[in-house]
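First comes the structure, then the notes that go with it.
The values are calculated or read from the model by the stated rules, or taken from the named source; none is laboratory data. In this text the structure is predicted, and so the values were computed from the model without any measurement. Glycine gets a Cβ as well: all are built from the backbone with ideal geometry, and neighbour counts include every protein chain shown. Remember, those area values only see protein heavy atoms, side chains included, never the ligands or the DNA or RNA. Shrake-Rupley method; radii C 1.70, N 1.55, O 1.52, S 1.80 Å.
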Amino acid sequence: MSTLQNSPRLFKSMTALAAAAGCLMASQANAGEWSANAAMTNNYIWRGLTQTENEAAVQGGIDYASDSGFYAGTWVSNVNYGAGDVYSYEHDIYAGFAFDTGDISWDFGYLYYNYDKEAEFDFGEVYGSVAYGGFSVGLWVLTNTEADEGPGQDFGAGEAYYASIDYGFEIGNGVEIGLHAGYHDGDFAEAFNGNDDGYYDYNVSVSKGGFSFMITDTDVSGGAAEGGFDNDQMKVVVSYAVDVEL
């Protein structure tokens with residue numbers, strides 16, 4: 001099986017978290033604000049890997065952000081991991097705290113990934129990120145899962161992680177460029193994604209308004225690189241997203 005950075009479940013998680021952070025910055029004069037977001041993409045990419053067998057996805061969520069720095073939200077997308085699988089949706093719930101110290105921005109929280117009951121593969125991660133100027137680094141660490149371990153596997157807390165580094169800048173007329181690199185490793189990551197070992201993903205994105213164009217690639221091997229996934233090949237992702245204040 002298997003944005004700052006716009007990777008779709010990274011496409012999801014980072015756009016959702018960025019939306020929450022953006023809502024936070026916009027609400028400093030209020031006790032709290034609610035917002036909603038909706039998006040369409042030709043391919044849901046998460047940490048470099050397709051979550052829809054390279055088909056389209058419709059996604060959306062609701063976020064709350066307070067001027068204290070606390071935020072929470074929920075997000076959903078269709079998923080497809082191949083013929084005969086029991087996955088049809090991904091539903092995420094997250095909460096965290098974002099704040100600034102001078103020119104440095106911090107973000108810490110917990111993210112829970114929920115799938116069809118029959119899949120029995122829900123899991124949670126704690127995450128943290130720090131940003132300065134256009135640069136940011138982030139780390140997501142496995143905390144819990146309902147999935148059963150196979151022989152020789154360890155799905156314990158801290159035994160799988162994703163690390164990323166991003167740089168974004170504007171080139172004029174509202175056009176933004178994003179550069180991303182990440183690394184995913186651990187027994188749970190391999191079991192969920194179907195890869196043989198840890199792998200790198202990288203992408204370049206161009207966005208303006210709600211439109212985004214991204215070229216992404218990985219060095220993944222194993223089942224994640226085969227069949228209808230082809231995650232070892234370069235992919236082009238086009239998406240459009242809208243945010244609505246509630």
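Some observations on this one:
Residues are listed down the side, and each one gets a yes or a no for (1) under 15 Å from the mean Cα position of the chain (by Cα); (2) surrounded by 22 or more Cβ atoms within 10 Å (Cβ to Cβ); (3) of a type outside the set (D, E); (4) within 21 Å of F121 (Cβ to Cβ):
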| residue | (1), (2), (3), (4) |
| --- | --- |
| E53 | no, no, no, yes |
| A57 | yes, yes, yes, yes |
| G60 | yes, no, yes, no |
| S77 | yes, yes, yes, yes |
| G82 | no, no, yes, yes |
| S88 | no, no, yes, yes |
| D92 | yes, no, no, yes |
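- Single match in V237, V204 (criterion: in a strand (DSSP E or B), under 20 Å from G82 (Cα atoms) and modelled with pLDDT of 95 or more): V237
- Test: residue in region 94-108 that is outside any loop (DSSP other than H, G, I, E, B), farther than 24 Å from E149 by Cβ, touching a Phe, Trp or Tyr at 6+ places or on another chain (Cβ under 9 Å) and charged (D, E, K, R): yes
- So Y44, is it aromatic (F, W, Y), out of contact with any Leu (no Cβ under 8 Å at 6 or more places or on another chain) and within 22 Å of F211 (Cα to Cα): yes
- Top-ranked residue of region 146-192 - restricted to ones that are outside any strand (DSSP E or B) and of a type in the set (S, T, N, Q), ranked as least open to solvent (accessible area, probe 1.4 Å): Q153
- Given (1) open to solvent by 50 Å² or more (accessible area, probe 1.4 Å); (2) more than 25 Å from T52 (Cβ to Cβ), index of the condition G128 fails: (1)
- Failed condition for F123, given (1) open to solvent by less than 10 Å² (accessible area, probe 1.4 Å); (2) at pLDDT below 95: (2)
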